[in-house]
1. In terms of the Cα gyration tensor, with a ≥ b ≥ c the square roots of its eigenvalues, is the stretch 1-46 rounded because a/c is under 1.5, prolate because a/b exceeds b/c, or oblate?
2. Run the numbers for residue 69 and residue 16: contour at 0.36 nm per residue of separation, minus the present Cα-Cα distance, in nm.
3. Using the number of other C-beta atoms within 10 angstrom as an exposure proxy, rank 77, 22 with the fewest first.
4. Run the quick spin-label model on residue 27 and residue 84: label points 7 Å from Cα toward the beta carbon, then report their separation in nm to one decimal.
């Protein structure tokens with residue numbers, strides 16, 4: 001087994017502002033809260049790669065930083081939410097739409 005280092009980076013200056021170190025089998029969503037809790041400044045957005053396209057990520061960011069946008073490309077199997085037509089959630093309004101766009105990266109980016 002190996003470890004994963006997840007880092008939060010200030011997008012404007014490239015400075016690491018948060019980090020967690022876990023075993024490789026720890027879920028991405030479980031680390032979003034601990035990363036956000038390490039940042040005292042307001043966060044404009046949470047950006048990450050497609051592995052973070054999970055309901056728990058959006059809930060965690062909304063609970064801790066309701067004004068922060070979540071910018072995560074949808075997974076290739078993504079579909080709009082059941083309420084997309086009547087009461088869209090942030091995910092339904094994603095700038096990439098539901099085209100299966102993918103991004104790669106090693107770090108979560110926090111825009112302060």
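1. Prolate, because a/c is 1.5 or more and a/b exceeds b/c.
2. Additional length available on full extension: 17.2 nm.
3. Ascending number of Cβ neighbours within 10 Å: 77, 22.
4. 2.3
A short reminder: the numbers here are calculations on the coordinates, not readings from a lab. None of the values given here were measured: they were computed from a predicted structure. All Cβ positions, glycine included, derive from the backbone under ideal geometry; neighbour counts span all protein chains shown.
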